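No lab work stands behind these numbers, since they all come straight from the coordinates. These numbers were taken from a predicted model, which means no experiment stands behind them. Note that we place each Cβ from the backbone using ideal geometry, even for glycine, and neighbour counts take in every protein chain shown.
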Amino acid sequence: MLFNLWLIPFLPFLGAATLILFGQAMRRDWVHLVATLAIGASFLVAADAFFFNLPAVAEAGGLRDVLWTWMASGDLTVEVVLRLDVLSGVMCLVITFIGALIHIYSAGYMSHDADYARFFAYLNLFCGSMLVLVLGDSLPVMFVGWEGVGLCSYLLIGFWYSETANADAGKKAFITNRVGDFGFLLGMFLLFYATGTLDIPELLAHARSGAGALVEPFWLGMPLAFWAALFLFIGAAGKSAQIPLYVWLPDAMAGPTPVSALIHAATMVTAGVYMVARMGALYAITPAAMAIVALVGAATALFAAIIGFAQNDFKKVLAYSTVSQLGFMFVGVGVGAYGAGIFHLFTHAFFKAGLFLCAGSVMHAMSGSGDITKMGGLRRKLPWTHGVFWVCWLAICGVPIFSGFFSKDAIVASAFGTHAFSEGLAWVAPTVGVLLLLAALGTAFYMSRLYFLVFTGESRADEHTKAHIHESPIEMVAPLVVLAVGAALGGLLGIPGALFNHPEWNLFFHWLEPAVGPEMHLDHTLELAMIVISIVIAGGGILLAYVFYGGGYRTPAHNFARSFPRFVALVRDKFRVDELYGFLIIRPIRYLAQGLFFLVDRILIDRILVHGVALVVDVFARMARTLQVGDVQRHLAVFGIGLLVLFYLAIKPPVPDDLNVTVEGVHVQVDAGEGSPISRQLIYEFDFDEDGLPDKHGNTPQASFSYEGRGTYRIKMTVLDPRWGSSRSLEKTVSIQ
Amino acid sequence: MPTHLYIMLSLVLFLIGAGGVLLRRNALIVLMGIELMLNAGNLAFLAFARSLGDEKGQVFAFFVIALAAAEAAVGLAILVGLFRTRQTVNLDEASLMRR
């Protein structure tokens, strides 16, 4: 199976191609069968490789397959090489498994949609691109996948593009991503400049060696590795929705809910975290860059959590929750606990996808609306959805035994216990830890708010909507249940080693060791303290939300809204960051674009180049037209003029191209060609001393002359035709030493 | 008589004929100009024949006269046809092309 790695991304691409080409003509059943089989088969190949082939070579770096040489030009050689090691293997399993579940869910959710085939084609295309991203063992290959998922995100967010708002959301996502991608490119350029390679194992070997151009100070006293890591992180911030490039994710909720579940919860947004974990060795040599990653992650986690307090759309709450949880993951990889970050990625994929699919189920039941102010009491009407949501809710809040508890605890404990930062940056770790604790409190609060407002109490919907509330069909509920099971039990894979002093019980971290290093060793008391604090925070958040929203909007909620109306409005308007960007960035660019459009397009191109050219042609055409009016006399006149021209050409004497002047001392010899043609007798006159009087003349174009002194002279030969009296002359300068 | 005077006369007549052909609007005047040009050529032939003592020039002059007569007949026939279709002998108006 070693050489079948390429099947993993290829199968979804094949599915996408089939559906793009033939999807319109296929029956619905066949369409989702092709798509689901493609991703399912990919899962089987990945699982087979991961469980049966990988253990043998895990220590040596995993299964590596060089497909072909993409570019070989000058110093740069880039091969298309895929590598399945423990890290990318885990990612592949997550992508294909959750992808398959969402394909099944979409069969039910999108069953009424006219563009069924297009949707599944895009889903497959996305999965293929994401798999290329994680399997790529060379930065350009990863970048191809990186761009591919950005494209598919745009296509899927704007899936219902007939609504302008959806198309705008797609554009916003793509453009914001692009800004980040520019950072990624700069990082790639810097790394190539420093090490001459873009192959990931070679880059990491350079980083681990601790020497070379990577650690030389490059700019502002910081080493090149710092700048490369920073720029790569900017790319990650764009893809994974961190400050300041998170603004596209809430808008992306305009896309179909399965898209939100797959792309904006489980897979695409985690690409940034994966990239930082993959390039861990690079980050390990620049604590400053790690500090920035951790601080940005923590700040984002808290900021997004606060915004989540006041959102009234189901999916928007989940969107900000995703941004916040991604912040947690970046803290994990930022403090050096790469395993913890990936573990949270893993558990988050399950419970967030579950939450989003529940959102889809609820919105399906509420006739397409996601307004939580009009929901309530759905616990009774949607038992299965409620059950799944209940499990995923407890998971994300960090309630023990459920998966989120273990992964979040791992990150927070690592933040407090990391040794990655030394003297100057020692303040970073505790700061980040405290911010994360606050964010965890916020997470518990806003998710519980969501739960209480939607599922408990009395329904606040109108009669018409209430009548239509119904549980979702089996193909939508089944994946929900699978995800709930994963969310509930997945945490048991990662029991912290420090808890029971049995590190080998931590299966997940143990698996990841060959790629990201061992689990961070933490003090037993620190671990216990963290667990207790986590439980207290989770419980506190839930309790606080219950006080405000248990069973519907309660008095404390109304009182708060009444006392601080402007603050509540500010938070609900997401701190008006979009408006700020619009003012600072988008407005100037729009003016610039409009100005350029007017200047270049209207004036330069339309007027000067197009009309101008036509005008010039017209002027010459008018002049030429006068010759051909059909007036015979005019034609005769042209005839006569032509005759005169021919006459002139006939009588002018032929002159050779060049006077071949040979200089010997003061003696000059001129030889200018073959002489008169037989039909004409020409006279040649030579003027050697620039006095205007001919010094030599004869019937042949040869002459010689001796100069008196040194200097530069101009020799002029005149050819005369005695019959007609016409003449022509030729000059040449010669210098005498 | 110096030959060059005859040649100059011939040239002047030719130029007057050419001017008439190119510049006059009336088709009859154009035909007259053509006759003038032919006669100017004739004069040049005869002048050179006399000065070179070669009678070939005189023979040529006969040819030219005959030719001129034939050509005048044909030209007038065309002119009559033109008048029949266009009702005018004004060359400016006789053109089918606009402006």
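For the protein assembly as shown, what is the convex hull volume of its Cα atoms per residue in Å³?
Given the Cα convex hull of the protein assembly as shown, per-residue volume reads 339 Å³.
If one takes the longest principal axis of the Cα atoms in chain A, at what angle in degrees, from 0 to 90 and to the nearest 10, does the Cα axis of helix A:474-489 lie?
80
For the range A:51-170, what does the alpha-carbon gyration tensor say about shape, rounded, prolate or oblate, given a ≥ b ≥ c as the root eigenvalues, a/c under 1.5 as rounded, and a/b over b/c as prolate?
Verdict is oblate for the range A:51-170.
For chain B, find the longest principal axis of its Cα atoms and tell me its angle to the long axis of helix B:3-23, 0 to 90°, nearest 10.
Compared with the principal axis, the helix lies near 10 degrees.
Relative contact order, percent, of the range B:3-91 when contacts are C-alpha pairs under 8 Å separated by at least 6 residues?
Relative contact order of the range B:3-91: 30 percent.
How long is the range A:651-736 along each principal axis, judged by its Cα atoms, biggest number first, in Å?
40, 23, 18
For the range B:3-91, what number results from the quotient of the Cα radius of gyration and 2.2 N^0.38 Å?
1.27
Please rank A:I292, A:I39, fewest neighbouring Cβ atoms within 10 Å first, as an exposure proxy.
A:I292, A:I39
With chain B treated as a Gaussian network of Cα nodes joined by springs under 10 Å, which of B:V21, B:V74, B:V30 yields the largest mean-square fluctuation?
Comparing B:V21, B:V74, B:V30 in a Gaussian network model of chain B, the most mobile one is B:V74.
Please report A:T164, A:T465 as a ranked list, fewest other C-beta atoms within 10 angstrom at the top and most at the bottom.
Ranking A:T164, A:T465 by Cβ neighbours within 10 Å, fewest first, gives A:T164, A:T465.
How much net charge surrounds A:I396 when only other residues with a Cβ under 9 Å from its Cβ are counted (Lys, Arg +1; Asp, Glu -1)?
+2
When all alpha-carbon pairs of the range A:159-285 are counted, what percent fall beyond 17 Å?
For the range A:159-285, the share of Cα pairs beyond 17 Å comes to 60 percent.
Return the single residue from B:G75, B:G17, B:G33 with maximal mean-square fluctuation; model: Gaussian network over chain B, springs between Cα atoms under 10 Å.
For chain B, modelled as a Gaussian network with Cα springs under 10 Å, the answer is B:G75.
When a/c is below 1.5 the answer is rounded, else prolate if a/b is larger than b/c, else oblate, so apply that to the range A:1-106 with a ≥ b ≥ c taken from the square roots of the Cα gyration tensor eigenvalues.
The shape class here is oblate.
Which whole-number percent is the relative contact order of chain A (Cα, under 8 Å, 6+ apart)?
For chain A, the relative contact order is 9 percent.
Which longest uninterrupted range of chain A lacks any GluC sites (Glu not before Pro) assigned by DSSP to a loop state (not H, G, I, E or B) and surrounded by at most 12 other Cβ atoms within 10 Å?
A:164-457
Classify the range A:286-566 as rounded, prolate or oblate, taking a ≥ b ≥ c as the square roots of the eigenvalues of its Cα gyration tensor: rounded when a/c is under 1.5, otherwise prolate if a/b is larger than b/c and oblate if not.
The shape class here is prolate.
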